[in-house]
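The values are calculated or read from the model by the stated rules, or taken from the named source; none is laboratory data. Keep in mind it's a predicted model, so treat the numbers as computed, not measured. Glycine also receives a Cβ, built like all others from the backbone with ideal geometry; neighbour counts cover every protein chain displayed.
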Amino acid sequence: MIRRNDTVVVISGREKGKTGKVIGIFPELQRVLVEKLNRVKRHQKPTARMKQGGIVEKEAPLHLSKLMLYCSRCGKGVRAGVRLETDGKKIRFCKKCQEAFA
């Protein structure tokens, strides 16, 4: 139910309570990359693209079960439902306030 560019909130772990934007999804691993969350340090060798080696900080994937969609109207993580519009389009909505997600 979570897609790229969605705003999500972390519900467990060391990043609990933080929100961020989804930048990548790995459905086969059930993991999601969230912007500026779950940052780890990796040792990087110099390459043609990256002349300067060293310690690089980057996002690591989080498991889907640790995330909930963030509803801006409710101001917290919520469950999402899917409904059919009159024109036949499927839209996701907040189960609490019935607000449609962008």
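Residues in region 77-99 that are surrounded by fewer than 12 Cβ atoms within 10 Å (Cβ to Cβ) and in a strand (DSSP E or B): Val82, Arg83, Leu84, Lys90.
Just checking, does region 15-25 include any residue being out of contact with any strand residue (DSSP E or B) (no Cβ under 6 Å at 6 or more places or on another chain) and in a loop (DSSP other than H, G, I, E, B)? Among the residues of region 15-25, at least one is out of contact with any strand residue (DSSP E or B) (no Cβ under 6 Å at 6 or more places or on another chain) and in a loop (DSSP other than H, G, I, E, B), which makes the answer yes.
In region 44-62, the qualifying residues are those that are modelled with pLDDT of 95 or more and either out of contact with any strand residue (DSSP E or B) (no Cβ under 6 Å at 6 or more places or on another chain) or in a loop (DSSP other than H, G, I, E, B) (or both), and the one that is farthest from Lys95 (Cα to Cα) is Ala60. The sole residue among Arg79, Arg42 that is basic (Lys, Arg) and closer than 18 Å to Arg4 by Cα is Arg79. Select from region 20-47 the residues that are over 8 Å from the mean Cα position of the chain (by Cα) and within 13 Å of Lys66 (Cα to Cα) and write down the one among them that is surrounded by the most Cβ atoms within 10 Å (Cβ to Cβ). Ranking the candidates gives Leu37 first.
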